[in-house]
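The block underneath contains the structure these notes are about, expressed in structure tokens.
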Amino acid sequence: GAGVSQSPRYKVAKRGQDVALRCDPISGHVSLFWYQQALGQGPEFLTYFQNEAQLDKSGLPSDRFFAERPEGSVSTLKIQRTQQEDSAVYLCASIPRLALYEQFFGPGTRLTVL
Amino acid sequence: AQTVTQSQPEMSVQEAETVTLSCTYDTSESDYYLFWYKQPPSRQMILVIRQEAYKQQNATENRFSVNFQKAAKSFSLKISDSQLGDAAMYFCAYRSANSGYALNFGKGTSLLVTP
């Protein structure tokens, strides 16, 4: 079955490096969300897209974080000049339309910044 | 902003017994949705159950049921006949019906199921 997939599953970066995290939503899903989950915490909202439009980016913690979804399907979350506090699991979720309830989550990417 | 509080960092239950996980939330809205998600060690978030705030009837999904108290802003999850596969982190989440579609999560409760 084609669920939400994310790659890589694990990423280790040295402080100051740039990273790119990829999310492949379920085919046909219109809306896509990114969340950040620090160790021992619940996920926190970062940003969401409806098709290729980024409708809310209020959760992005700094201007080092950038997300895009240029063709309305695959999305990339980019973090520039990574810091240790960026270490977390980054979760992606998608839903068919905004009006529907359930967000389907991917397995996440665990980012460790050394 | 809405806040979701899960006051039990860890809970333990014996197999076949019943356990209740607590969740409270703070909101000024009247229309919203509440969810319980399960996150096993694989990290994949799985929806367990949802409740629409306008519905008075408590939601039920097989062994999982909720006690939704709108006035008290309380939304607890009851797991009956607990199974070893129920062991996971459980997150309570809130979503506005009218403004924004992001989920606001609590910090989670780690559920241990003992044989």
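The values are calculated or read from the model by the stated rules, or taken from the named source; none is laboratory data. All values derive from a computational prediction rather than experimental measurement. Counting neighbours? That spans all protein chains shown, and the Cβs are built from the backbone with ideal geometry, glycine included. Remember, those area values only see protein heavy atoms, side chains included, never the ligands or the DNA or RNA. Shrake-Rupley method; radii C 1.70, N 1.55, O 1.52, S 1.80 Å.
Tabulated data
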item	result
Residue among B:F64, B:F68, B:F105 that alone is within 23 Å of A:A38 (Cα to Cα) and of a type in the set (F, W, Y)	B:F105
All positions within segment A:70-114 that are open to solvent by less than 30 Å² (accessible area, probe 1.4 Å), assigned to a loop (DSSP other than H, G, I, E, B) and more than 14 Å from A:Q6 (Cα to Cα)	A:G72, A:T82, A:L98, A:Q103
Options B:K38, B:K70; residue that is more than 10 Å from chain A (Cβ to nearest Cβ) and in contact (Cβ under 8 Å) with a residue 24 or more places away in the chain	B:K38
Residues (surrounded by 13 or more Cβ atoms within 10 Å (Cβ to Cβ) and part of a loop (DSSP other than H, G, I, E, B)) located in segment A:10-50	A:Q17, A:P25, A:I26, A:H29, A:V30, A:A38, A:Q41, A:G42, A:P43
Residue in segment A:34-83 that is farthest from the chain's Cα centre (by Cα), counting only those that are within 27 Å of B:K38 (Cα to Cα) and β-branched (V, I, T)	A:V74
Yes/no for A:F33 being facing chain B (nearest Cβ under 8 Å), modelled with pLDDT of 95 or more and closer than 15 Å to A:R22 by Cβ	yes
Some residue of segment B:10-25 being among the charged types (D, E, K, R) and open to solvent by less than 60 Å² (accessible area, probe 1.4 Å)	no
Segment A:51-69 - residue that is open to solvent by 70 Å² or more (accessible area, probe 1.4 Å) and not polar (S, T, N, Q) and, of those, nearest to the other protein chains (Cβ to nearest Cβ)	A:L55
Strands (runs of 3 or more DSSP E) enclosed by segment B:1-112 - at least 2 residues per element that are modelled with pLDDT under 95	B:32-39, B:46-52, B:88-96
Scope segment B:90-101; condition at negative phi, at the interface with chain A (Cβ under 9 Å from one of its Cβ atoms) and open to solvent by 20 Å² or more (accessible area, probe 1.4 Å); matching residues	B:Y101
Of the criteria (1) surrounded by 15 or more Cβ atoms within 10 Å (Cβ to Cβ); (2) over 10 Å from the mean Cα position of the chain (by Cα), which one B:V66 fails	(2)
